[in-house]
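Comments concern the structure below.
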6 protein chains.
Amino acid sequence: MFSITVRDHVMIAHSFRGEVFGPAQRLHGATFLVDATFKRLELDSDNIVVDIGLATQELNKVLAAFNYRNLDEEPQFAGINTSTEWLAKHIADQLAEKISEGALGEGAHGIDAIAVTLHESHVAWAGYERALRTAG
Amino acid sequence: MFSITVRDHVMIAHSFRGEVFGPAQRLHGATFLVDATFKRLELDSDNIVVDIGLATQELNKVLAAFNYRNLDEEPQFAGINTSTEWLAKHIADQLAEKISEGALGEGAHGIDAIAVTLHESHVAWAGYERALRTAG
Amino acid sequence: MFSITVRDHVMIAHSFRGEVFGPAQRLHGATFLVDATFKRLELDSDNIVVDIGLATQELNKVLAAFNYRNLDEEPQFAGINTSTEWLAKHIADQLAEKISEGALGEGAHGIDAIAVTLHESHVAWAGYERALRTAG
Amino acid sequence: MFSITVRDHVMIAHSFRGEVFGPAQRLHGATFLVDATFKRLELDSDNIVVDIGLATQELNKVLAAFNYRNLDEEPQFAGINTSTEWLAKHIADQLAEKISEGALGEGAHGIDAIAVTLHESHVAWAGYERALRTAG
Amino acid sequence: MFSITVRDHVMIAHSFRGEVFGPAQRLHGATFLVDATFKRLELDSDNIVVDIGLATQELNKVLAAFNYRNLDEEPQFAGINTSTEWLAKHIADQLAEKISEGALGEGAHGIDAIAVTLHESHVAWAGYERALRTAG
Amino acid sequence: MFSITVRDHVMIAHSFRGEVFGPAQRLHGATFLVDATFKRLELDSDNIVVDIGLATQELNKVLAAFNYRNLDEEPQFAGINTSTEWLAKHIADQLAEKISEGALGEGAHGIDAIAVTLHESHVAWAGYERALRTAG
């Protein structure tokens with residue numbers, strides 16, 4: 001299995017509902033380093049997993065939708081505990097949609113899986129990995 | 001698959017038996033950066049993998065049992081080559097026990113797997129990953 | 001010159017006033033990795049710069065005063081653009097006060113300077129360094 | 001599953017053919033941090049995955065074959081787009097051969113899989129993972 | 001003293017003349033992680049060292065002039081051993097010029113010093129620091 | 001001011017005397033990542049601070065004298081609290097001697113200062129910086 005990963009980041013405010021979150025129930029914030037990994041069994045005709053330039057650009061677009069924002073005020077996140085692990089899935093799903101729309105190039109339809117890791121600090125990170133439906 | 005990881009560290013002395021270890025047969029030591037990863041297919045009702053506060057606290061307890069110690073003198077490690085990879089399994093197994101005892105919260109019974117990585121330097125690390133028996 | 005550095009982190013929300021800040025004028029947030037460095041010309045009688053345990057504990061206390069908070073709502077930051085560089089100075093000044101109060105131990109009165117670095121992401125960080133008035 | 005990873009690096013020049021590579025079609029270069037991971041289900045009789053000294057030495061030998069070189073001029077890479085992901089496979093395959101030749105020791109025949117990750121910068125990396133044919 | 005640092009990177013090919021360089025006399029390459037630090041005694045009226053957006057943009061422009069290139073073929077580097085430490089000075093001098101031209105904003109004229117660090121691998125980096133002539 | 005830094009590591013056991021050290025009074029250990037920095041005002045005739053190959057080799061030799069050892073048993077450290085900051089000075093002084101003996105090459109006599117940083121974990125490090133007597 002081959003993979004490539006690109007890293008970007010977002011700086012957001014949010015709060016959590018639920019006693020388990022302790023002080024994080026207060027409005028606070030985070031820098032998330034976001035690592036988006038694209039996996040496939042075979043390389044494309046250019047000998048790559050995906051155009052790293054397009055991957056970087058499209059990850060940046062997905063993040064721009066909520067960068068420098070208070071997630072508690074964003075309609076797309078209404079009523080949701082925007083935990084690090086949940087955000088990892090959110091970003092992975094958005095990237096999957098980008099691939100299916102062709103935004104990462106024709107070759108990207110051969111991608112088999114996406115994994116997203118969000119680092120919330122030097123001592124804690126979370127991730128989500130999912131398969132893509134291949135064209136078959 | 002979702003995951004969260006928390007990082008802590010231990011500073012221990014030990015030695016190895018076996019020619020393969022070369023100079024590491026002498027009493028020496030290591031700082032191990034310990035990354036404990038918890039994985040599950042679905043998030044719990046709070047939208048998380050596990051309470052990150054409890055995960056951090058219980059990892060710290062597991063490590064406290066041998067932190068600032070000479071492993072060669074610890075009864076629990078008697079006769080064992082405490083290699084980095086073996087210690088990764090030791091810590092993973094202790095965390096699995098903690099989960100089964102409920103120390104990471106009720107929701108943690110939904111965790112499917114644990115992975116532990118120990119970084120012994122900037123150029124070498126080791127890991128162990130195991131499934132958890134789910135309640136079902 | 002000798003130094004020791006300890007690292008901790010805070011997760012806060014805030015916003016900035018001033019066109020120069022662009023999208024960061026909106027309420028957003030950050031994880032700051034905080035590196036506090038203590039410097040002195042000569043080691044103390046224990047052969048150290050400062051008790052690393054106390055340094056870690058007191059840095060944690062300084063950060064706890066605003067960790068998991070929205071800085072815009074904190075009276076101590078009223079009317080202030082809480083830029084990364086300004087927060088570095090704020091933390092350095094608080095640590096200087098801790099030293100002068102004796103919270104870092106008697107030996108800590110020999111510390112000559114404090115430097116604080118705040119990493120707001122993997123691609124941007126800021127710092128502040130100041131001298132301490134020595135007992136003379 | 002157990003694993004150990006060792007890190008080394010190479011500094012090479014190369015260029016790419018194909019519009020998808022944009023400015024990277026020009027002769028340029030890269031430092032690749034190379035992480036070689038060895039995986040196995042059970043530890044060997046010394047309680048390790050593989051002799052970390054031999055693993056480090058043999059990875060270094062594999063890299064020495066093209067370190068400080070222009071890959072465009074190397075016969076072994078003639079006509080190949082030496083993308084980061086392709087180089088990860090190249091290195092993994094070379095390590096697999098080393099294992100099969102016995103260069104990583106007798107115990108290394110129990111290794112089940114190899115994964116290689118190449119970091120081309122702080123914001124992009126690529127990898128390849130493959131199984132090894134076990135002796136059985 | 002206050003400081004802010006922004007990080008970017010370049011991927012270049014080059015070679016060195018002189019026996020001291022050993023195998024690096026061959027055409028090879030490097031990824032340089034470039035950290036540009038701006039220092040000043042007092043913050044500007046926005047409570048910052050410099051607009052981090054402009055600093056990032058101008059550093060990127062300085063690097064774009066030789067990114068994805070073979071430095072041996074660039075007229076601006078003709079006859080020069082483009083060592084990591086020399087490139088650090090080159091970039092610092094270019095940034096100083098940008099500041100003097102006003103490209104980092106009016107407030108940037110208060111910057112007292114620039115430091116540039118280039119990481120050529122995880123085990124080697126080089127830097128250069130210089131004062132700026134203040135307007136006074 | 002120009003600088004170059006090279007990184008290596010040691011894995012040692014030791015213990016401390018003095019209540020301030022708490023649990024670290026027990027025999028334990030550490031991996032120290034060792035960063036050795038060489039500084040000078042002007043580059044040498046090869047456009048470098050020092051031959052990075054020689055710097056790496058001589059740092060490795062300095063560390064080899066106590067790598068994989070219990071510092072409590074080493075005559076050279078008898079009666080000394082081998083704190084991270086003290087070890088930084090020890091290594092810096094050994095490197096200064098190497099330079100004065102010519103082990104880092106003739107050009108190295110132009111080095112003005114040495115700084116050594118020892119990382120004992122991802123959350124704590126210590127350093128020492130000293131001037132070199134220049135030839136005059």
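The values are calculated or read from the model by the stated rules, or taken from the named source; none is laboratory data. Please read these numbers as outputs of a predicted model, since none were measured by experiment. All Cβ positions, glycine included, derive from the backbone under ideal geometry; neighbour counts span all protein chains shown. Only protein heavy atoms, including side chains, enter the accessible area calculation; ligands, DNA and RNA are left aside. Shrake-Rupley method; radii C 1.70, N 1.55, O 1.52, S 1.80 Å.
The set of residues in region A:49-60 that are in contact (Cβ under 8 Å) with a residue 12 or more places away in the chain and away from chain C (no Cβ under 14 Å) comprises A:Val49, A:Val50, A:Asp51, A:Ile52, A:Leu54, A:Ala55, A:Glu58, A:Leu59. Residues in region B:94-136 that are of a type in the set (Gly, Ala, Ser) and buried (at least 17 other Cβ atoms within 10 Å of the Cβ): B:Ala96, B:Gly105, B:Gly107, B:Ala108, B:Gly110, B:Ala113, B:Ala115, B:Ser121, B:Ala124, B:Ala126, B:Gly127.
Scan region E:21-28 and give yes if some residue there is among the polar types (S, T, N, Q), over 13 Å from C:Phe21 (Cα atoms) and open to solvent by less than 20 Å² (accessible area, probe 1.4 Å), otherwise no.
no
Just to be sure before I move on: is F:Leu104 under 25 Å from B:His9 (Cα atoms), more than 9 Å from chain C (Cβ to nearest Cβ) and aliphatic (A, V, I, L, M) in the structure I sent? It is false that F:Leu104 is under 25 Å from B:His9 (Cα atoms), more than 9 Å from chain C (Cβ to nearest Cβ) and aliphatic (A, V, I, L, M). If B:Ser83 satisfies every condition in (1) within 14 Å of chain F (Cβ to nearest Cβ); (2) among the small types (Gly, Ala, Ser); (3) touching a strand residue (DSSP E or B) at 6+ places or on another chain (Cβ under 6 Å) but one, which is the exception? Here B:Ser83 meets the rest and fails (3). How many residues, within region E:98-129, are small (Gly, Ala, Ser) and closer than 17 Å to E:Leu54 by Cβ? Residues in region E:98-129 being small (Gly, Ala, Ser) and closer than 17 Å to E:Leu54 by Cβ: 7 in total. Within region B:1-37, the residues that satisfy the criterion of being among the charged types (D, E, K, R) and within 14 Å of the chain's Cα centre (by Cα) are B:Arg7, B:Asp8, B:Asp35.
When region A:64-102 is filtered for residues that are among the polar types (S, T, N, Q) and touching a helix residue (DSSP H, G or I) at 6+ places or on another chain (Cβ under 9 Å), the ones remaining, listed by number, are A:Asn67, A:Gln76, A:Asn81, A:Thr82, A:Ser83, A:Thr84, A:Gln94, A:Ser100. Count of region F:36-48 residues, restricted to those that are under 14 Å from E:Ala126 (Cβ atoms) and either in contact with a strand residue (DSSP E or B) (Cβ under 8 Å, 6 or more places away or on another chain) or open to solvent by 40 Å² or more (accessible area, probe 1.4 Å) (or both), is 8.
Of the set (1) within 10 Å of chain F (Cβ to nearest Cβ); (2) open to solvent by 10 Å² or more (accessible area, probe 1.4 Å); (3) free of Cβ contacts under 8 Å to residues at least 60 places away in the same chain, all apply to B:Leu33 but (3). For region D:36-48, the tally of residues that are out of contact with any Gly (no Cβ under 6 Å at 6 or more places or on another chain) and either part of a loop (DSSP other than H, G, I, E, B) or more than 11 Å from chain B (Cβ to nearest Cβ) (or both) stands at 6.
One residue alone among E:Ile80, E:Ile91 is crowded, with 17+ Cβ neighbours inside 10 Å and among the β-branched types (Val, Ile, Thr), and that residue is E:Ile91. Does at least one position in region A:109-123 carry a residue that is over 14 Å from the mean Cα position of the chain (by Cα) and modelled with pLDDT under 95? Checked region A:109-123: at least one residue is over 14 Å from the mean Cα position of the chain (by Cα) and modelled with pLDDT under 95.
Summed over region F:1-13, residues that are of a type outside the set (Val, Ile, Thr), open to solvent by less than 30 Å² (accessible area, probe 1.4 Å), out of contact with any Lys or Arg (no Cβ under 7 Å at 6 or more places or on another chain) and facing another protein chain (nearest Cβ under 7 Å) total 2. Selection within region E:93-113: residues that are in contact (Cβ under 8 Å) with a residue 60 or more places away in the chain and in contact with a strand residue (DSSP E or B) (Cβ under 6 Å, 6 or more places away or on another chain). The member of this set that is nearest to F:Leu59 (Cα to Cα) is E:Ala113.
Residues in region B:49-72 that are open to solvent by less than 10 Å² (accessible area, probe 1.4 Å) and part of a loop (DSSP other than H, G, I, E, B): B:Val49, B:Val50, B:Phe66.
Being outside any loop (DSSP other than H, G, I, E, B) and under 27 Å from B:Trp125 (Cβ atoms) is a property that F:Ala88 has.
Say whether the condition of being within 30 Å of A:Gly127 (Cα to Cα) and within 14 Å of chain F (Cβ to nearest Cβ) is met by at least one residue in region B:67-75. So far as region B:67-75 goes, yes, one or more of its residues are within 30 Å of A:Gly127 (Cα to Cα) and within 14 Å of chain F (Cβ to nearest Cβ). Look at (1) away from chain A (no Cβ under 14 Å); (2) within 30 Å of A:Thr84 (Cα to Cα) and you find that C:Ala96 fails only one, number (2). Out of curiosity, is F:Gly22 within 9 Å of another protein chain (Cβ to nearest Cβ), in contact with a strand residue (DSSP E or B) (Cβ under 7 Å, 6 or more places away or on another chain) and small (Gly, Ala, Ser)? Here the answer is no, as F:Gly22 does not meet what is asked.
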